[in-house]
Amino acid sequence: MSAAASAPTSAPPQRGPNCWQCRFFAVSHNPNAPYACRAMGFQSRALPALEVLRADGHFCRAFEAKASH
């Protein structure tokens with residue numbers, strides 16, 4: 001069996017969403033948790049997408065791109 005036959009037809013994405021481009025991302029005034037996700041309702045020291053990936057092993061599903069002006 002060749003390597004091409006065992007390769008998946010579509011590779012999973014290598015990068016998750018960028019919080020800075022998400023409409024739900026916010027910067028808080030809390031120095032201990034400077035980043036916030038308004039969709040999921042939490043603040044964290046790391047970017048929210050990284051916290052979601054750490055918590056459940058999947059990329060953030062709440063991402064929505066900011067409206068372009």
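Per-structure values
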read-out: Cross-chain or 6+ apart pairs with Cβ under 9 Å, the range 50-69 first and surrounded by 10 or more Cβ atoms within 10 Å (Cβ to Cβ), then among the β-branched types (Val, Ile, Thr); value: Phe59/Val52; Cys60/Val52; Arg61/Val52; Ala62/Val52
read-out: Inter-residue pairs, beta-carbon under 9 Å, first over 15 Å from Leu50 (Cα atoms) and touching a residue at least 60 places away in the same chain (Cβ under 8 Å) and in the range 24-40, second open to solvent by 60 Å² or more (accessible area, probe 1.4 Å) and assigned to a loop (DSSP other than H, G, I, E, B), 6+ apart; value: none
read-out: Search result, residues across the range 33-48 that are among the polar types (S, T, N, Q) and either open to solvent by less than 60 Å² (accessible area, probe 1.4 Å) or in contact with a Gly (Cβ under 8 Å, 6 or more places away or on another chain) (or both); value: Ser44
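The values are calculated or read from the model by the stated rules, or taken from the named source; none is laboratory data. Since this is a predicted model, take the numbers as computed values, not measurements. Positions of Cβ are generated from backbone atoms using ideal geometry, with glycine treated the same way; all protein chains shown enter the neighbour counts. Accessible surface areas use protein heavy atoms only, side chains included; no ligands, DNA or RNA. Shrake-Rupley method; radii C 1.70, N 1.55, O 1.52, S 1.80 Å.
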